[in-house]
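Enquirer: Quick one: the structure is below, questions incoming.
The values are calculated or read from the model by the stated rules, or taken from the named source; none is laboratory data. Given the structure is predicted, the values throughout are model-derived calculations rather than measurements. Ideal geometry is used to build each Cβ from the backbone, glycine not excepted, and the neighbour counts take in all protein chains shown. To get the accessible areas, we keep the full protein, side chains included, count just its heavy atoms, and leave off ligands, DNA and RNA. Shrake-Rupley method; radii C 1.70, N 1.55, O 1.52, S 1.80 Å.
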Amino acid sequence: MLEQLQPTAGDALLALMGQFRADPRPTKIDVGVGVYRDEHGRTPVMAAVKQAEQQLFNEQDTKTYVGIAGDMKFNAAMVDLVFGEKAQSLQDRVRAVQTTGGCGALRALLDLLALCKPDATVWVSDPTWVNHIPLVKAARLKLAVYPYFDKRGQAVRFNEMTECLSKLGPNDIVLLHGACHNPTGVDLNEAQWLSVAQLAAQRGFLPFIDLAYQGLGRGLDADAFGVRCMADHVPEYVVGVSCSKNFGLYRERVGSAMVVHQDAKTAQLALDNLMVVLRGNYSMPPDHGANVVARILGNEDLRKLWQDELNGMRGRINDLRRALFENFRSHLRSDEFNYIARQQGMFSMLGLSPEQVAMLRERFAIYMPPDSRTNVAGLHIDQIDYFVQAVGAVL
Ligand code: LMR
């Protein structure tokens, strides 16, 4: 049977990680995969995580199953984190389950929506995070693209985006990036979120928000603006959350799938169905990472420690963004790359062609995907000169 399978191209981003590891050149730089690195070039375990893990080690006295929905303390804490001041008033309308990372959340929610409307279309931004596309296809939903990124202006093509969304209806699902748009770093502003929420209410399409970088753009509350704003305008929407980046828990696979409905009974019905989806997939989630997050969010000292570390990470990314654009400006004597300083989160797109990206890899051992998405958070301050000169050499 297995010989019927077709060869696959594999995941390009993950393949790039392998190529980088195998490159022996000491000056090599990985700005490919979206992983935060500190000033020593490491992706550290956060101090708050270490302390929570120690507590967990000392206190955990069983390894029995956590249940399909996962850790209930984690679920409640994540609703508080995502909805902030609104969480209390929304408690009847929001339901959450623990998932295996942000991808687990996205897939579970897509599968749930496929149960509701198997012929629905999921609209993704042009461009979007590479893995959104296989996730939508795996859930057997239709895929379409809405205009989003203006490459030349490095801004949102908001008029074209809303023109497209204003033609959608109840058979459509619109996938939006909550903050730190991946791959462009270009986010909707508050007025734009409000317009999208109002359009969703008028037209009846379902907003689906992927919140993978809360706290790494403008701050924990500011990055949740879009998710919270929807609650005031639309009767129903879903949110996939990742704790990979803001808790640095990448390999522990911690995420949350949330459903919001105006009617508490329907929200509960969605939760019940979500659990059927999960049971039919991996049955019950692992404990470790979610237990750690619940401990951090549930303890004032640990939470403060975590928030301070997260603020430090965001500050470092913004410092790197400034250093990068200043270096580009002085090296190239042009303002072409000024946008890097005003974009949010880990990524910006440098506007290079796949050939230029290949030249960067071959001549300078700089690794980025062919669309020139650059993980600013992967750079070391001492590498910026070399990086800018290399980009200047392939322009
Ligand atoms: C990325 O976009 O680089 C990360 O989210 C890692 C991944 O899974 O692709």
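Enquirer: Roughly how big is the chain's charge dipole about its Cα centre, with Cβ charges of +1 (Lys, Arg) and -1 (Asp, Glu), in debye to the nearest 20?
Expert: 420 debye
Enquirer: Right, next: Find which of His261, Ala114, Met72 sits farthest along the positive direction of the dipole of the chain, computed with +1 on the beta-carbon of Lys and Arg, -1 on that of Asp and Glu, about the Cα centre.
Expert: Result: Ala114.
Enquirer: Taking the Cα centre of segment 65-298 as the origin, how large is its charge dipole in debye, to the nearest 20, when only Lys and Arg (+1) and Asp and Glu (-1) carry charge on their Cβ atoms?
Expert: 480 debye
Enquirer: A further question on this structure: Any lysines with Cα under 24 Å of the Lys73 Cα? List them, leaving off those in the same chain fewer than 8 positions away.
Expert: Lys50, Lys63, Lys86, Lys245, Lys265, Lys304
Enquirer: Considering only protein heavy atoms, what per residue accessible area in square angstrom results for the chain with a 1.4 angstrom probe?
Expert: For the chain, the solvent-accessible area averages 46 Å² per residue.
Enquirer: Based on DSSP, what percent of beta bridges with both residues in segment 65-298 are antiparallel, to the nearest 5?
Expert: Taking every DSSP beta bridge within segment 65-298, about 45 percent pair in antiparallel fashion.
Enquirer: With no solvent and one point per C-alpha, what does the Debye sum give as log10 I(q)/I(0) for segment 65-298 at q = 0.08 Å⁻¹?
Expert: So the normalised log intensities work out to -0.25.
Enquirer: Here is a follow-up. Of Ala144, Gln55, Tyr339, which is farthest towards the positive pole of the chain's charge dipole, taken about the Cα centre with +1 and -1 on the beta-carbons of Lys, Arg and Asp, Glu respectively?
Expert: Towards the positive end, the residue furthest out is Ala144.
Enquirer: Mind listing which trypsin sites (Lys or Arg not before Pro) in segment 111-156 are in a DSSP loop and have 16 or fewer other Cβ atoms within 10 Å?
Expert: Filter output for segment 111-156: Arg140, Lys151, Arg152.
Enquirer: Treating only the Cβ atoms of Lys and Arg (+1) and Asp and Glu (-1) as charged, compute the dipole magnitude of segment 1-111 about its Cα centre; round to the nearest 20 debye.
Expert: With Lys and Arg at +1 and Asp and Glu at -1, about 180 debye.
Enquirer: Using the Karplus curve 6.51 cos²θ - 1.76 cosθ + 1.60 with θ = phi - 60°, work out ³J(HN,Hα) for each residue of segment 379-395 in order, rounded to whole Hz, and write x for Gly and Pro.
Expert: 8, 9, 4, 6, 8, 5, 4, 4, 4, 5, 5, 5, 4, x, 6, 9, 5
Enquirer: Around Val145, which amide H atoms from residues at least 5 apart in sequence, or from another chain, sit under 5 Å from its own amide H, with H modelled in the peptide plane?
Expert: Amide H neighbours of Val145, under 5 Å, 5+ apart: Val124.
Enquirer: Further question: For the chain, which span is the longest to avoid every loop-located (per DSSP) member of GluC sites (Glu not before Pro) having at most 16 other Cβ atoms inside 10 Å?
Expert: Between exposed loop sites, the widest span is 40-335.
Enquirer: Name the residue from Leu188, Cys164, Ala212 whose Cα lies farthest towards the positive end of the charge dipole of segment 162-264, charges +1 on Cβ of Lys and Arg and -1 on Cβ of Asp and Glu.
Expert: In segment 162-264, that residue is Ala212.
Enquirer: Show me the three semi-axes of the equivalent ellipsoid for the chain, from the C-alpha gyration tensor (sqrt of 5 times each eigenvalue), largest first, rounded to whole Å.
Expert: Gyration-tensor ellipsoid for the chain: 33, 26, 21 Å.
Enquirer: Can you work out the Karplus-derived ³J(HN,Hα) for every residue in segment 201-211? Use 6.51 cos²θ - 1.76 cosθ + 1.60 with θ = phi - 60°, whole Hz, and x for glycine or proline.
Expert: Once θ is set to phi - 60°, the couplings for segment 201-211 become 5, 5, 8, x, 6, 9, x, 10, 9, 9, 10 Hz.
Enquirer: Amide H to amide H under 5 Å from Ile366: which residues, 5+ apart in sequence or cross-chain, H placed 1.01 Å off N in plane?
Expert: Those lying under 5 Å, H to H, from Ile366 are Ile29, Arg361.
Enquirer: Got a sec to turn the phi values of segment 307-321 into Karplus ³J(HN,Hα) couplings, 6.51 cos²θ - 1.76 cosθ + 1.60 with θ = phi - 60°, whole Hz, x for Gly and Pro?
Expert: 4, 5, 5, 5, 4, x, 5, 4, x, 5, 4, 5, 5, 5, 4
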